[in-house]
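The values are calculated or read from the model by the stated rules, or taken from the named source; none is laboratory data. This one's a predicted model, so the numbers in the text were calculated from it and none came from an experiment. Counting neighbours? That spans all protein chains shown, and the Cβs are built from the backbone with ideal geometry, glycine included. Keep in mind that these areas ignore ligands, DNA and RNA; they rest on the heavy atoms of the full protein, side chains included. Shrake-Rupley method; radii C 1.70, N 1.55, O 1.52, S 1.80 Å.
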Amino acid sequence: MQTFLNIFLGFFIFESVGSAPITDNIIFDSEFYDIPLGELPHLFVYDENEQSDQLKTETGIALPSRSQESFSSAPLSEEFEEEASTPKLIDSPSAQGSGVLGPQTQDGLPTCLLCTCLGTTVYCDDHELHAIPPLPKKTTYFYSRYNRIRKINRNDFANLNNLKRIDLTANFISEIHEDAFWRLPQLQELVLCDNRIRKLPELPSTLTFIDVSKNRLGHKGIRNEAFKDLHELQHLYITDNNLDHIPLPLPESLQALHLQNNNIQEMYEDTFCKMKDFTYVRRALEDIRLDGNPINLSRTPYAYMCLPRLPVGNLI
Ligand SMILES: *[C@@H]1O[C@H](CO)[C@@H](O)[C@H](O)[C@H]1NC(C)=O
């Protein structure tokens, strides 16, 4: 097995030397090779027998046809709701062949050698990435914080039907394709804090948590009724942007709305409540933050009648 692994990894090194320089943070020391394959924490295990769909990257570079993008059919825990729980490493006798480490990235390295794959979670934090790496088809949680990604392309997340969370905090993202997210049928959490985003793309209605704080969203950054049909949305964080209005309408499910440090100057009596229906109560929305905006909340005393709590903000 070890000999096989040495040859196998050697092949990738050989390939990557030919195509791109190996980045500093990948250490190819002999200790690494000596670990039996089944114990390698970086491994995402693929089922060799599964047919691979030919995956093409946005730049049109075809991946090797033998690259596998599906996970092993070996029993694996799909549920990683608690991040604190110890993830199960996948150990499978089918951990041989070309697709073991996930789809090939543009650097010529498989995603799960470049990043860390545990169960169906892919961790790519702090790897100097310039683009979203091709992800294994069953990826559920994807973390790529503290990288140098500038753009999210139309097909970066295409066909990832199990994807529940995307966290791209602290990158240089300024451009997101309009269709990049809305076709993801299970996406619940979208975290795009600390980027350079000027415009939000179309969002899937399954989202429960959106954080686009610390970006450059201004007057036209959020299109009309962007959150209207997000009937599961509970947390909406858009702090530290340049918004000049509260994005309306807000779904009934919303529990927390954080809009600190924007440029919101006005609010209306019916922003949260219904002026024609004084019996209406917006019970879920308990946490509204408007501090750090040039708005005087005292001017609209009737705007909070239906809320369980007053918004936080300037009252004088
Ligand atoms: C805020 O609004 C209240 C009520 O209209 C008003 O009395 C107060 O002077 C306003 N404060 C400022 C700083 O404009």
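Quick look at the values:
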item	result
Accessible surface, per residue, of segment 152-273 when the full set of protein chains is kept, probe 1.4 Å, Å²	43 Å²
Highest to lowest packing among 245-255, 209-219, scored as the average C-beta count within 10 Å	209-219, 245-255
Over segment 167-316, relative contact order from alpha-carbon pairs under 8 Å, at least 6 apart, %	16 percent
Percent carbon-and-sulfur accessible area, segment 112-203, ignoring ligands, DNA and RNA, probe 1.4 Å	41 percent
Cβ crowding within 10 Å averaged over residues, with 112-122, 300-310 ranked highest first	112-122, 300-310
Rg/Rh for segment 138-202, where both radii come from Cα atoms and Rh is the Kirkwood radius	0.93
Distance (nanometres) between label positions extended 7 Å along Cα→Cβ at residue 198 and residue 270	3.4 nm
FRET efficiency, 1/(1 + (r/R0)^6) with R0 22 Å, evaluated for residue 150 and residue 126 via beta carbons	0.85
Gyration tensor over alpha-carbon atoms, segment 208-316, equivalent ellipsoid semi-axes in Å	20, 17, 12
Length gained when the stretch residue 161-residue 277 is fully extended (0.36 nm per residue, less Cα-Cα span)	37.7 nm
